[in-house]
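Heads up, the thing below is written out as structure tokens.
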Amino acid sequence: MTSVLESAFDRLWEPLLPIGRNAATSGYRRMAYSVADLGCREWFVAAAEERGLAVETDRNGNMWAWWTGPWGGPSGNDAFVIGSHLDSVREGGAYDGPLGVVSSLAAVEVLQSQGVVPRRPFAVAAFSDEEGARFGVACAGSRLAAGTLAPDAARALRDDDGTSMAEAMTSAGLDPGDVGPDVDRLRRIGAFVELHVEQGRALVDDGAPVGLASAIWPHGRYRLTFRGEANHAGTTAMADRRDPVQAWSRTALAADAAAREQHGRATFGRLEIDPNATNAIPSEVRAWLDARAGDEGTLAVLLEQIREAAFRSAQSSGTSVDLVVESESPAVQFDATLRGAVASALREPEGHDVPVLPTGAGHDAGILAGAGVPTAMLFVRNPTGVSHSPAEFAEQSDCLAGVQALVTVVQSLAC
């Protein structure tokens, strides 16, 4: 078993590693519908077909590799689905997303080697544009399927170069006119289990290679636009300036303080400054805020504190500010029945339970859970605790433990 499992994982993992990798930084740039993302999609199709799975791409760019069986493929009901996503943030790590897809396909190969055939429809899924790194909306593929992202709004999203999502999908050979809710497909899913590298250190502290998710924190993305007056850096007295950078910087400091006070998270990870010249006072600053908290009430308080700080800072600097909501995701409690079944399947012979932990990161599993799909998540230990960075890592032994966990869960719940 171990040799089959290790061989299956390696033969899937190694050819995927070079796709979209920046040799200078070892980071990945696999943004939605980019050349690298299309390379990952080609890898997925080839890997799935090599294992006898029938691949389809749905109306929203999500890919499904169906394990053939007596139910007649994807038309059956009560499907059991495992998987994750293949795209990355800018300069992201190798594991966030792809580990779940590779592990799912490896689990299929292990089960096939044992002569196992699922008793219910079964698929490995690779969701589209989970990170939202190119067009700004996370989990776009699953949001479109769930009906929480409007088709017209999705088609109109633009990247930094001005390319719309509709144009990018067309270039990738997809029909953007067809995007939208996929109610029938989601209704057919009886259970979705997503495996993901842990984006923190809880499993390191627990001394466990694999954990089970309890919930996802509520979170959102917000765009703040500070507008001032462009002027000469050398001739404009400090008292005469209407500098939006000053307003934003005070807001960023206030957001940091508020997040610490509320035990939440507040991050300005992206900035655009006009005219972006060394010797010019800027006219405008666009800043993207990522905010998260342990519950929706705390997140609301955190956002209101940041909003008030932004307007105070703008007023004191003679500038103005607008705040636009780009996406919001409510708190997610994973399906208790499915989570219990997964925990029971993974319980060690000695009776030790797999660690259960919440996460502050958003996932396609959370979107599907919100759409009524029974959903669970498994985490694989990350010794660095770092994610969305080239330093993201998981030991191979822990990756193999993750594959074995999927094998065990599928055997128990789908075979």
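When Thr337, Thr163 are arranged by Cβ crowding within 10 Å, least crowded first, meaning fewest neighbours, the order is Thr337, Thr163. A full extension of the chain between Ser397 and Val325 corresponds to an added length of 21.8 nm, given 0.36 nm per residue minus the alpha carbon distance.
With both labels modelled 7 Å from their Cα along Cα-to-Cβ, the Trp288 to His263 distance reads 3.0 nm. Between Asp206 and Asn276, the contour length at 0.36 nm per residue exceeds the alpha carbon distance by 20.6 nm.
Using R0 = 22 Å, the C-beta based FRET efficiency linking Ala54 and Asp184 works out to 0.75. Considered as an equivalent ellipsoid built on the Cα gyration tensor, the range 140-215 has semi-axes of 33, 19, 10 Å, the largest given first. Please work out the C-alpha center-to-center distance from the range 373-415 to the range 215-254 and express it in whole Å. One Cα centre to the other: 40 Å. Which whole-angstrom value gives the distance between the alpha carbon centres of the range 138-209 and the range 269-333? Comparing the Cα centres of the range 138-209 and the range 269-333, I get a distance of 24 Å. In sequence order, the range 234-243 has phi-based couplings of x, 10, 8, 4, 4, 5, 9, 8, 10, 9 Hz under the Karplus curve 6.51 cos²θ - 1.76 cosθ + 1.60, θ = phi - 60°, and Gly or Pro positions carry x.
In sequence order, the range 215-231 has phi-based couplings of 6, 10, 4, x, 7, x, 10, 9, 10, 9, 10, 9, 10, x, 9, 5, 6 Hz under the Karplus curve 6.51 cos²θ - 1.76 cosθ + 1.60, θ = phi - 60°, and Gly or Pro positions carry x. The 3J(HN,Hα) values that the Karplus relation (6.51, -1.76, 1.60; θ = phi - 60°) gives for the range 134-140 are, in residue order, 8, 10, x, 10, 6, 6, 4 Hz. Gly and Pro appear as x.
Remark on Thr319: its backbone amide H falls under 5 Å from none of the residues 5 or more positions apart or on other chains, H modelled at 1.01 Å from N.
Readers should treat all values here as calculations from the given coordinates under stated rules, not as data from a laboratory. Everything numeric here is computed off the predicted structure, so don't read it as measured data. Here Cβ is always computed from backbone atoms with ideal geometry, including for glycine, and neighbour counts include all displayed protein chains.
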